[in-house]
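Okay, structure first, notes after.
Just so you know, all these numbers are worked out from the coordinates, no wet-lab data involved. Just so it is clear, the structure is predicted and the values come from calculations on it, not from any experiment. Backbone-built Cβ (ideal geometry, glycine too); neighbour counts: all protein chains shown.
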Amino acid sequence: MAHHISKRELEMLERGRRNNCGDEGYKYTHGRHFSNRVVSDRQRRKVEREKRMEKLKRKIEQSPLLLDNMETRVSRRQRVIAPVRPATITTFSATKPTFQKQPRQSFSTKAKAVATARARANTTGDIQAVSVGGICVKTKADTSVFGCLITGSVMLPDDKLILADWHNHKVKLLNLLTSTVTAEMKTSAAPFNITNINGNTVAVTVPYSRKIMFVKVTDKLKLDRELPVDGECRGILYSNGNLIVSYRDPIKIEIMSLDGTAKRKLAHFEKFKAPGQMALSQDNKTIYVSYYYGHCVKKLSLDGFVETVYEDEVLNAPTGIVSIGKEGRLLVCGHGIGLGNIQLLEPDLTKVKVLLHGIDNLYSLSYCNRTGRLYVGGHGGEGNIKVYQLS
């Protein structure tokens with residue numbers, strides 16, 4: 001029995017020819033099933049989707065501002081970038097801190113801001129930074145295929161620098177006189193940040209194990225004790241017999257004794273903007289906190305009030321922060337591929353200058369007041385620790 005093709009089927013056949021699918025692409029089979037046609041149509045749409053994705057990937061690869069996958073997320077239909085905030089300093093009253101959202105800016109605006117900041121770098125302010133080389137802290141016992149990632153560091157007397165190696169799950173002792181790693185100790189999980197307790201003892205946060213490790217430092221590194229905590233601890237400071245610890249989950253900053261007794265919980269923080277590394281003011285009355293996902297630095301009192309918020313359009317995902325000199329100025333490093341920089345701030349978070357720029361994968365900062373040298377930790381090649389002389 002002859003079968004009559006409907007008008008709609010003729011239209012679909014013609015559309016398949018126009019799209020170079022051929023007659024076989026919309027072949028009709030006996031009965032009311034159109035399996036060949038449906039399968040071919042799905043294949044055609046799959047090819048079209050793959051072409052669109054390849055075009056999008058080429059567009060992304062051509063833009064250096066999209067290379068930092070830590071701060072860029074891909075949705076099904078579009079690529080969404082975290083908003084670029086203009087340089088602002090927001091001062092809050094001590095009664096009720098408030099936050100204002102900043103408008104989004106285009107990629108061209110951010111690229112222009114980065115170029116302007118680089119052009120002005122090292123042209124203002126009274127501090128200059130000169131590179132004096134790098135130190136490789138990789139050892140024969142390291143097992144990570146990704147190399148070393150130094151997320152935290154702290155200066156000790158006698159030219160010693162204690163390092164937290166995230167990738168290799170180690171705490172390392174670096175002799176700055178010989179530029180060699182003289183001791184190392186394995187941790188249960190990746191360590192994040194370190195603080196000095198009394199010159200021969202350091203406290204190390206281990207976020208994914210939810211504990212703080214106390215390590216004795218001599219010629220070797222020896223575990224003294226462990227302190228369990230109730231969250232994913234990140235930044236850590238020691239002040240007046242207490243520990244100040246920042247958490248990513250749950251989001252909080254807590255002041256506790258050395259035995260883990262909680263004494264005070266500081267200000268409430270916005271969701272998805274967890275506090276990271278911290279620095280203390282010279283009088284030990286103010287805490288400066290970097291916010292990786294919030295792209296800002298906050299000044300907090302020990303009572304928990306947010307006094308000032310510093311935001312800058314070229315400060316991307318700040319990580320390490322350290323106080324330097326008698327004036328209590330701050331150095332804060334921004335993270336990113338092609339966007340990394342170190343900024344110099346006054347104690348009230350007024351921007352002085354971009355001290356260094358174009359440094360990739362910055363995570364930690366340590367400063368030696370005696371020698372005036374800055375030690376920058378991160379991830380990269382033979383120079384995991386970059387050394388700069390400040391003058």
Apply the a/c threshold of 1.5 to the C-alpha gyration tensor of the stretch 314-386 and tell me whether it is rounded, prolate or oblate. oblate
What is the sum of charges around residue 152, taking Lys and Arg as +1, Asp and Glu as -1, for the other residues whose C-beta is under 13 Å from the C-beta of residue 152? +2
Quote the FRET efficiency, to the nearest 0.05, computed for residue 285 versus residue 368 with a Förster distance R0 of 25 Å and r equal to the Cβ-Cβ distance. 0.55
How much length, in nm to one decimal, is gained on full extension between residue 222 and residue 128, taken as 0.36 nm per residue of separation minus their Cα-Cα distance? 30.0 nm
Under the Karplus relation with 6.51, -1.76 and 1.60 and θ = phi - 60°, whole-Hz ³J(HN,Hα) for the stretch 242-250, x at Gly and Pro, equal 10, 9, 10, 10, 9, 10, 8, 8, x
At 7 Å along Cα-to-Cβ for each site, give me the label-to-label distance between residue 198 and residue 55 in nm. 6.8 nm
What ranking, highest mean first, results for peptides 356-362, 255-261 when packing means the other Cβ atoms within 10 Å averaged over each residue? 356-362, 255-261
32 Å Cα-Cα threshold exceeded, pairs from 273/353; 160/326; 211/386; 186/299: 186/299
Two-decimal ratio, the stretch 230-354, of alpha-carbon radius of gyration to 2.2 N^0.38 Å: 1.01
